[in-house]
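Take a look at the structure below.
The values are calculated or read from the model by the stated rules, or taken from the named source; none is laboratory data. It should be emphasised that the depicted structure is a prediction, and the values quoted were computed from it without experimental measurement. Ideal geometry is used to build each Cβ from the backbone, glycine not excepted, and the neighbour counts take in all protein chains shown.
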Amino acid sequence: MAKLYFYYSSMNAGKSSTLLQTAFNYGERGMKVSLWTAALDDRPGFGAISSRIGLASDAHRFADSTDIYAFVLEENTAERVDCVLIDEAQFLTEGQVWQCARLADETNIPVLCYGLRTDFQGQLFPGSAALLGIADALVELKAICHCGRKATMNLRVDGAGNAVKQGAQTEIGGDDRYSALCRRHFMQALAD
């Protein structure tokens, strides 16, 4: 029986690298994967799944209105889909998470979602909250704080490296805008 998986972590834990390695493993065995990522990242060179270590692959893009269930069903009719891999899963809507569960339950296609658990204020993303609630398997990937502890938080910083304490939940950026920290150093940065 197929399952819905949620691989979660702070930034810089290798989520995209792990997803792309999984896609490679399926492909090496002649199996087809359906790759997905969020459509909201409009930085030059983005729109594909890419990792900090240089791995990349093109992918379908999902917006809030995308019916992932219907799209994968149609794709599966044309050529059997053996696995669905979703990067930036924190940006899924609650409805899309339920679509992913239906894919696993009704079509026996495993769905592996990779994403952040919390935002820069320690709040759950809607997609992450839904996945934490209904996924069959939860897997935490580990990132490391500068002190050597496990990083569980995502600190947003401004251009001068100062902690950003307020703002929209989603602001696209990489290492220039975010730092993965343990809770202790996250709290210290917010207190400064």
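Quick look at the numbers
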item: Matching residues, region 106-142, being polar (S, T, N, Q) and closer than 15 Å to Tyr178 by Cβ; result: Thr118, Gln121, Gln123
item: Looking only at region 3-38, and only at residues there that are in contact with a Lys or Arg (Cβ under 9 Å, 6 or more places away or on another chain) and among the aliphatic types (A, V, I, L, M), the one that is modelled with the highest pLDDT; result: Met31
item: Selection count, region 153-171, where residues are touching a strand residue (DSSP E or B) at 6+ places or on another chain (Cβ under 8 Å) and either surrounded by 15 or more Cβ atoms within 10 Å (Cβ to Cβ) or among the β-branched types (Val, Ile, Thr) (or both); result: 7
item: Out of Arg156, Arg102, sole residue that is in a strand (DSSP E or B) and within 26 Å of Leu40 (Cα to Cα); result: Arg156
item: Qualifying residue in region 132-152 (condition: assigned to a loop (DSSP other than H, G, I, E, B) and β-branched (Val, Ile, Thr)); result: yes
item: Candidate set from region 1-30 (those that are touching a Cys at 6+ places or on another chain (Cβ under 7 Å) and among the hydrophobic types (A, V, I, L, M, F, W, C)); member that is surrounded by the fewest Cβ atoms within 10 Å (Cβ to Cβ); result: Leu4
item: Arg102 farther than 18 Å from Glu28 by Cα and either of a type in the set (Phe, Trp, Tyr) or at pLDDT below 95 (or both); result: no
